[in-house]
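Here the structure comes first, spelled out in structure tokens, and everything after it is commentary.
Values in this text are rule-based calculations from the coordinates and carry no lab data. From a predicted model like this one, the values you see are computed outputs, not experimental measurements. Every residue, glycine among them, receives a Cβ derived from its backbone with ideal geometry; neighbour counts consider all protein chains shown.
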Amino acid sequence: MPTYSSGKHDKRLVRMTAYSHYEADHIAYGKKSAAGSKLKFGENERSAAADWSVYPLGTRFQIKGSPYVYIVDDYGSALVGTNTIDIYKPSMGRMNQWGTKHEEIKILEWGSFEESERILRGRRGYKHCRKMHDGILHHLAQNEPTNKALNGRSL
């Protein structure tokens, strides 16, 4: 995964896809994210799904050339280990219009491995959750820097 630093912000080239709460595998959850918050598609902030062992819960990023700030508040089984971020779209039409792209993102703020671990701990019965949880435990054992809390912000 190409990563380079520009001052205090990490920049990365990632594969990006889109998802919608109308997809068959998301209908049961409605507009609710894996973090338990409502999926966002606002003028400023929007939801994104990612592998939490790479982009922990609460990670904020921008796509190069886009005015929106995306917040990782969801995950998906197809994302684990793939260097793919899924951005939320409120309709199937918008989701299909996005397609698959390779985009440069700028990390504005890293999320919390600790909070990601807390949520995933009880979901280890699912293979993708177990894989993310194991990756997060590795990061935590290495004492890698992370935001210890989400600073009281809600997702």
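Which ones in the range 14-37 are of a type in the set (S, T, N, Q), outside any strand (DSSP E or B) and either buried (at least 18 other Cβ atoms within 10 Å of the Cβ) or in contact with a Ser or Thr (Cβ under 6 Å, 6 or more places away or on another chain) (or both)? Break it down stepwise before answering.
To start, the set of residues in the range 14-37 that are of a type in the set (S, T, N, Q) comprises 17, 20, 33, 37.
Then keep just the ones that are outside any strand (DSSP E or B); that gives 20, 33, 37.
Those that are of a type in the set (S, T, N, Q), outside any strand (DSSP E or B) and either buried (at least 18 other Cβ atoms within 10 Å of the Cβ) or in contact with a Ser or Thr (Cβ under 6 Å, 6 or more places away or on another chain) (or both): 20, 33.
Just one of the numbered conditions (1) in a loop (DSSP other than H, G, I, E, B); (2) touching a Cys at 6+ places or on another chain (Cβ under 9 Å) is not true of residue 120; which one?
Of everything listed in (1) in a loop (DSSP other than H, G, I, E, B); (2) touching a Cys at 6+ places or on another chain (Cβ under 9 Å), residue 120 misses just condition (1).
Pick out the one residue from 136, 105 that is part of a helix (DSSP H, G or I), among the β-branched types (Val, Ile, Thr) and either in contact with a Leu (Cβ under 7 Å, 6 or more places away or on another chain) or surrounded by 13 or more Cβ atoms within 10 Å (Cβ to Cβ) (or both). Walk me through it before giving the result.
Details: 105 fails: part of a helix (DSSP H, G or I).
After ruling out the rest, the residue left standing is 136.
Among the residues of the range 59-82, write down those that are under 9 Å from the mean Cα position of the chain (by Cα) and either of a type in the set (A, V, I, L, M) or under 13 Å from residue 14 (Cβ atoms) (or both).
The answer is 59, 70, 71, 72.
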